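**Q** Sharing a structure below in structure tokens format, with a few things to ask.
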Amino acid sequence: MTDQTIAPPKEQVEPSRPMGPIVATGVSADEYMERYAAHFYEWVRGFVIKMSPVALKHDSLDDYVRDLLKAYFSFNPIGRVIGAPFVMRLDSTHSRREPDLQVILKTNPGELTETYMHGPADICIEIVSAESVARDYGEKFEEYEAGGVREYWILDPIRSQTHFYRLDENGIYRLILPDAEGNYRTPLLPQFVLHVPTLWEDTLPDLVAIVEAVRAMLSP
């Protein structure tokens, strides 16, 4: 997949639910990648949006889920997880987003470059903060669905809630619930188990506990 310069649309429509302040307008995708992408900004239809600083709970949850996925891929190397700031380029929605976490499988038809993912990640994970509620539940939901992100996980520590969306055969997100024990499973990650109640514990499992948990979930 070759890189192509994309200018902002001639008629720019301001994002309806900005997560942070709009710091520039009329910016091309190339200029965004050169000047803004590495510094926690996103690009939507020519607008550059400054991302808000994360809270401690957000950071801890991000670390835990990322370490859990990294451990899983260490034992089952079918893909990788990448954290922000790393751009996901969705040409169909004229946006450059930096999901908190992106899961990219080796079977993904897009192109993973040194600086961005060209095409939809297989799974995008957003951890909600007070400043990002409207964006994570609204605009990003719409963009990830339209852009073909196969699963979208919203982890909301403010409300101690999770929302797992999966594209159906018509390209529409359907809400998938954890099982009665609070375990979420996805066909994209065979044998992987995310125990939702653990996400809301005051002290999250450390790396040793994470590795032991992954060994257990992958054992025959």
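**Q** Taking the conditions exactly as written (polar (S, T, N, Q), out of contact with any Cys (no Cβ under 9 Å at 6 or more places or on another chain) and over 16 Å from residue 49 (Cβ atoms)), does residue 93 satisfy them or not? Walk me through how you get there before you give the answer.
**A** Working: polar (S, T, N, Q): yes; out of contact with any Cys (no Cβ under 9 Å at 6 or more places or on another chain): yes; over 16 Å from residue 49 (Cβ atoms): no.
The answer is no for residue 93.
**Q** Return the residue satisfying two criteria in turn: it lies in segment 134-148 and is of a type in the set (A, V, I, L, M, F, W, C) and surrounded by fewer than 16 Cβ atoms within 10 Å (Cβ to Cβ), and of such residues it is nearest to residue 82 (Cα to Cα).
**A** Kept after step one, since they are of a type in the set (A, V, I, L, M, F, W, C), are these residues of segment 134-148: 134, 141, 146.
Checking which are surrounded by fewer than 16 Cβ atoms within 10 Å (Cβ to Cβ) leaves us with 134, 146.
Details: 134: 23, 146: 21 Å.
Only one residue fits best here, namely 146.
**Q** State all residues of segment 106-127 that are farther than 16 Å from residue 66 by Cβ and assigned to a loop (DSSP other than H, G, I, E, B); if no residue qualifies, say none.
**A** 106, 107, 108, 109, 110, 113, 114, 115, 119, 120
Table: residues versus (1) among the polar types (S, T, N, Q); (2) part of a helix (DSSP H, G or I); (3) at pLDDT below 95; (4) on the phi < 0 side of the Ramachandran plot.
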{"site": "31", "(1), (2), (3), (4)": "no, yes, yes, yes"}
{"site": "43", "(1), (2), (3), (4)": "no, no, yes, yes"}
{"site": "49", "(1), (2), (3), (4)": "no, no, yes, yes"}
{"site": "63", "(1), (2), (3), (4)": "no, yes, no, yes"}
{"site": "68", "(1), (2), (3), (4)": "no, yes, no, yes"}
{"site": "74", "(1), (2), (3), (4)": "yes, yes, no, yes"}
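**Q** Could you check residue 217 against (1) among the aliphatic types (A, V, I, L, M); (2) touching a Lys or Arg at 6+ places or on another chain (Cβ under 7 Å); (3) over 16 Å from residue 151 (Cα atoms) and say which number it fails?
**A** (2)
**Q** Has segment 81-102 got any residue that is more than 30 Å from residue 219 (Cα to Cα), touching a residue at least 40 places away in the same chain (Cβ under 8 Å), in a helix (DSSP H, G or I) and polar (S, T, N, Q)?
**A** yes
**Q** Looking only at residues in segment 188-214 that are out of contact with any helix residue (DSSP H, G or I) (no Cβ under 7 Å at 6 or more places or on another chain) and part of a helix (DSSP H, G or I), which one is surrounded by the fewest Cβ atoms within 10 Å (Cβ to Cβ)?
**A** Filtering segment 188-214 for residues that are out of contact with any helix residue (DSSP H, G or I) (no Cβ under 7 Å at 6 or more places or on another chain) and part of a helix (DSSP H, G or I), the one surrounded by the fewest Cβ atoms within 10 Å (Cβ to Cβ) comes out as 208.
**Q** Starting from residues that are acidic (Asp, Glu) and either without any contact (Cβ under 8 Å) to a residue 24 or more places away in the chain or surrounded by 15 or more Cβ atoms within 10 Å (Cβ to Cβ) (or both), keep the ones in segment 103-130 and report whichever is farthest from residue 171 (Cα to Cα). Break it down stepwise before answering.
**A** Taking segment 103-130 and keeping what is acidic (Asp, Glu), we get 111, 114, 122, 126.
Narrowing further to those that are either without any contact (Cβ under 8 Å) to a residue 24 or more places away in the chain or surrounded by 15 or more Cβ atoms within 10 Å (Cβ to Cβ) (or both): 114, 122, 126.
Details: 114: 28, 122: 13, 126: 20 Å.
If we take residues in segment 103-130 being acidic (Asp, Glu) and either without any contact (Cβ under 8 Å) to a residue 24 or more places away in the chain or surrounded by 15 or more Cβ atoms within 10 Å (Cβ to Cβ) (or both), then 114 is farthest from residue 171 (Cα to Cα).
**Q** Considering only segment 173-187, state which residues are under 12 Å from residue 150 (Cβ atoms), free of Cβ contacts under 8 Å to residues at least 40 places away in the same chain and assigned to a loop (DSSP other than H, G, I, E, B). Quick ask: steps written out before the conclusion?
**A** From segment 173-187, those under 12 Å from residue 150 (Cβ atoms) are 173-174, 176, 186-187; that's our starting set.
With the extra rule that they be free of Cβ contacts under 8 Å to residues at least 40 places away in the same chain, the set shrinks to 173-174, 176, 187.
Correct list: 187 only.
The values are calculated or read from the model by the stated rules, or taken from the named source; none is laboratory data. Treat the numbers as computed from the prediction; the structure is a model and nothing was measured. When we count neighbours, we look across all protein chains shown, and the Cβ atoms used for this are built from the backbone with ideal geometry, even at glycine.
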